[in-house]
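To start, the structure under review is shown below, and the notes come after it.
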Amino acid sequence: MCCNEGAWAWPRIHAGRSGAPAADGVHGGGRGEPLTLVVMGGSLAAGPGADQPGRTPGTSLAAGVACAAGRPVRLQTVARSGVRTRDLPVQLEVAREALPAAAVIVVGGNDITQ
């Protein structure tokens, strides 16, 4: 059933979209230097279905972390639609350059559907 749902969802998620809205940057307020949050993985992490930058998974996570930490959060999204688990090492290399305080990895959907 999951494969059928994935096959149905794939063209609908990616139809007419070149990717997720650009949402990287500093989010939230507070004192101190921004913490860096990196979001890695596939389309579920990237957010190609979001209609505006403030509605991507990364911006929601960055806002929550900023609120909890009382500090701004610098979001860097390296997630891309179509990524499979085997593609994570490439994203990890990019993520390491940002020296993140935290990282979120959402991957696996494409391993099932492709």
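One table, with the values for the structure above:
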| quantity | calculated |
| --- | --- |
| Candidate set: the stretch 70-113, residues that are part of a helix (DSSP H, G or I) and in contact (Cβ under 8 Å) with a residue 40 or more places away in the chain; chosen: the one surrounded by the fewest Cβ atoms within 10 Å (Cβ to Cβ) | ILE112 |
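The rows are residues; the columns are (1) in contact with a Gly (Cβ under 6 Å, 6 or more places away or on another chain); (2) over 18 Å from ALA102 (Cα atoms); (3) at pLDDT below 85; (4) not in a helix (DSSP H, G or I).
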| site | (1), (2), (3), (4) |
| --- | --- |
| GLY16 | no, yes, yes, yes |
| GLY19 | no, yes, yes, yes |
| ALA22 | no, yes, yes, yes |
| VAL26 | no, no, no, yes |
| GLY29 | no, no, no, yes |
| GLU33 | no, no, no, yes |
| MET40 | no, no, no, yes |
| ALA45 | no, no, no, no |
| ALA68 | no, no, no, no |
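The values are calculated or read from the model by the stated rules, or taken from the named source; none is laboratory data. Since the model is a prediction, treat every value here as computed from it, not as a measurement. Cβ: placed from backbone, ideal geometry, glycine included. Neighbour counts: every protein chain shown.
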